[in-house]
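Below you'll find the structure, written out as structure tokens, and then a few comments.
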Amino acid sequence: METNSSSQAIPYLRGRVIAPNDADYDTARKVHNGMIDKRPGLIAQCADENDVAHAVRFAREHGLVVAVRGGGHNGAGLGVCDQGLVIDLSQMRQVTVDPEAQTIRAQGGCLLGDLDKAGHPHGLAVPTGINATTGIGGLTLGGGLGHLTRFAGLTIDNLLEATVVLASGDIVTASPAINEDLFWAIRGGGGNFGVVTSFLFRAHNVHTVYGGPMFWDISEAKAMMEWYQDFIKQAPDTVSGFFNFHKIPPAPIFPEQYHLHLMCGIVWACIDEEEANEVFEMVRKFRKPLIDAVGPMPVPVLQTMFDDLFVPGLQWYWKGDFVKQLSPEVMDVHIRHAHRIPNFFSGMHLYPINGAAGRVPNDATAWSYRDATWSMVIAGVSPEPSEKDVVTNFARDYWQELHPHGAGGAYVNFMMEEGADRVKATYGSNYDRLVKVKSKYDPDNVFCVNQNIRPV
């Protein structure tokens, strides 16, 4: 859809509508992944849930494709579309903390850092991701995994209620007592069922964590993977750490002599200081790390540790899988591809999803694979558009050799646009139930710019 003036566009909207001829159009259409270059017909920067409802109805009346943007971090660029209407929630970032009830309510455009900053003065934290610049909407609807997953579950395991604008334009509440089927589906089913304009989360008493990165030379990789696998499968819930391969960034936090060296690492996040010290001493005795930057830190510090490295506009291509076991053969594949990491932005992470998250039944939410040990992501990243093919091929080649050893599906937030079969595999035994909910709440597939679950 092309328009000569944004003032012609969506009636009754309190927020701003941006059209292709507006001066800030190119800025407004950008998302976190610089590889994405889509040109929507209109961008509706909504001020509240009523604006969202007006925008949805407008799109239906004019036959427009709808994309919903929260933080804009989606790797596949599913927060923007060509020609259609982008419903942009970035102006809706109010956060309300109830210290007595230990809850945090956040509007759909909030970033993880908004929740961290609001909750931290009260000693409260919601289990979210690992980068403060990530949008809470996309993260939650996809499941939500990060530093506190083993301790308190996925983000969806701490969702108490949501306000949803449906494809009809109606505004409804979804909770365990109201629209229970919708509440089940939005906890992991992505943006298939409506636009969530408000989330109510359970928060936890976490003010300070004990963690940070440890790195070892790549020659120690197999020994460290073996140790890590045995440890994380039986570790107490208060202890978490994700395993990774990286070239060490030339950043002040890391000793200069190791800059650009290929290493394996664990980024720790522990809730209990005594347990953390025991774990750190245990791993130091097993293999002394070359880089040891662990210590006490406030939750917001841990959450922002990598934000300066992964700024908006980098070229991103990533692939993921759920993983149950690291066999010696699989470890060899990992190490071989680790030596092909193209730069210090790219790498591989294994995020543990056992502990508290693993004890939730597979059918309790739309998220499947609760019996997996890790959610793996292989990320090819570069600041240079000329390296788009380099980082894409790195991630694809690495993933293709590992995928036959995976559990079958992937965390939807670690997927590019990979097709219907991949989506079905990701939801496993929950897929048919999701189709029924989709057919009820969005029978015309208005919300299709996502990892799409097609209605009957």
message: Can you give the FRET efficiency to the nearest 0.05 for R336 and A23, using r as the Cβ-Cβ distance and R₀ = 56 Å?
response: 0.70
- request: From largest accessible area down, sort H73, H62; use a 1.4 Å probe on the protein chains.
  value: H62, H73
- request: Quick one: pull the percent of accessible area on the chain belonging to carbon and sulfur, 1.4 Å probe, ligands and nucleic acids left out.
  value: 49
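In whole Å, what three semi-axes, largest first, describe the equivalent ellipsoid of segment 91-185 built from its Cα gyration tensor (square root of 5 times each eigenvalue)?
On the way: eigenvalues 93, 43, 38 Å².
Largest first, segment 91-185 gives 22, 15, 14 Å.
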query: Once you have the alpha carbon radius of gyration of segment 35-111, what is it after dividing by 2.2 N^0.38 Å, with N set to its residue count?
result: 1.25
- line: The Kirkwood hydrodynamic radius of segment 242-388, taken as the inverse of the mean 1/r over all distinct Cα pairs, in Å, comes to 17.3
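Can you run the Rg to Rh ratio on segment 9-69? Use alpha carbon positions and the Kirkwood inverse-distance Rh. Don't skip to the end; give the middle numbers.
Working: Rg = 11.7 Å, Rh = 12.3 Å.
Answer for segment 9-69: 0.96.
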- prompt: Which three extents, in whole angstrom, do the alpha-carbon atoms of segment 299-340 cover along their principal axes, largest first?
  reply: 36, 27, 19
- prompt: PRE reach from R39 (point 7 Å along Cα→Cβ): which of segment 65-91 fall under 14 Å by backbone N?
  reply: 81-84
Crossing angle, helix 388-402 versus the chain [Cα axis fit, 0-90 degrees, rounded to tens]: 70
- prompt: In segment 186-249, what is the volume of the convex hull around the alpha carbon atoms, normalised per residue and reported in Å³?
  reply: 201
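For K388, K38, K319, K288, what's the largest-to-smallest order of accessible area, 1.4 Å probe?
Values: K388 90, K38 40, K319 20, K288 165 Å².
Largest accessible area first, the residues go K288, K388, K38, K319.
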task: Go through T27, T128 and list them by solvent-accessible area, largest first, probe radius 1.4 Å.
output: T27, T128
- prompt: Using the eigenvalues of the Cα gyration tensor, what equivalent ellipsoid semi-axes result for segment 154-303 when each is taken as the square root of five times the eigenvalue, whole Å, largest first?
  reply: 39, 17, 15
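May I ask you to work out the translational diffusion coefficient for segment 1-143 at 20 °C, viscosity 1.002 mPa s, via Stokes-Einstein with Rh from the Kirkwood sum over Cα pairs, reported in whole µm²/s? Working shown, then result.
Numbers: Rh = 15.8 Å.
This corresponds to a translational diffusion coefficient of 136 µm²/s.
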message: Sort 80-90, 333-343 by packing, meaning the average of other beta carbons within 10 Å per residue, with the highest value first.
response: 80-90, 333-343
- request: Among Y369, Y398, A356, pick out the residue whose Cα is farthest towards the positive end of the charge dipole of segment 329-426, where Lys and Arg carry +1 and Asp and Glu carry -1 on C-beta, about the Cα centre.
  value: A356
query: Once you put a point 7 Å from the Cα of R14 and another 7 Å from the Cα of E418, both along the Cβ direction, what distance in nm separates them?
result: 4.0
message: Using a 7 Å offset from the Cα along the Cα-to-Cβ direction at both D181 and S386, what is the distance between the two label points in nm, to one decimal?
response: 5.5
task: Report the semi-axes of the equivalent ellipsoid for the chain in whole Å, largest first, where each axis is √(5λ) for an eigenvalue λ of the Cα gyration tensor.
output: 36, 24, 21
message: So if I restrict to the alpha-carbon atoms in segment 334-380, what is the Rg, and what is Dmax, the biggest pairwise distance, in Å?
response: 14.3, 40
- line: For V435, the accessible surface traced by a 1.4 Å probe with all protein chains present amounts, in square angstrom to the nearest 10, to 20
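Mind checking the alpha-carbon convex hull of segment 123-167 and giving the volume per residue in Å³?
94
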Quotient of C-alpha Rg and 2.2 N^0.38 Å, computed over segment 144-237: 1.53
task: Mind pulling up the Rg/Rh value for segment 298-456? Radius of gyration and Kirkwood radius, both on Cα.
output: 1.00
- line: Of segment 194-217, those with amide N under 18 Å from the point 7 Å along the Cα→Cβ vector of E281 are 210-211
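Per residue and in cubic angstrom, what volume does the convex hull of the Cα atoms of segment 214-281 have?
93
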query: Based on Cα positions only, what radius of gyration and what Dmax would you give for segment 377-456, in angstroms?
result: 15.5, 45
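The values are calculated or read from the model by the stated rules, or taken from the named source; none is laboratory data. Just so you know, these numbers come straight off a predicted model, no measurement behind them. Every residue, glycine among them, receives a Cβ derived from its backbone with ideal geometry; neighbour counts consider all protein chains shown. The protein model used for the area step is the full one, side chains on, heavy atoms only, and it has no ligands, DNA or RNA in it. Shrake-Rupley method; radii C 1.70, N 1.55, O 1.52, S 1.80 Å.
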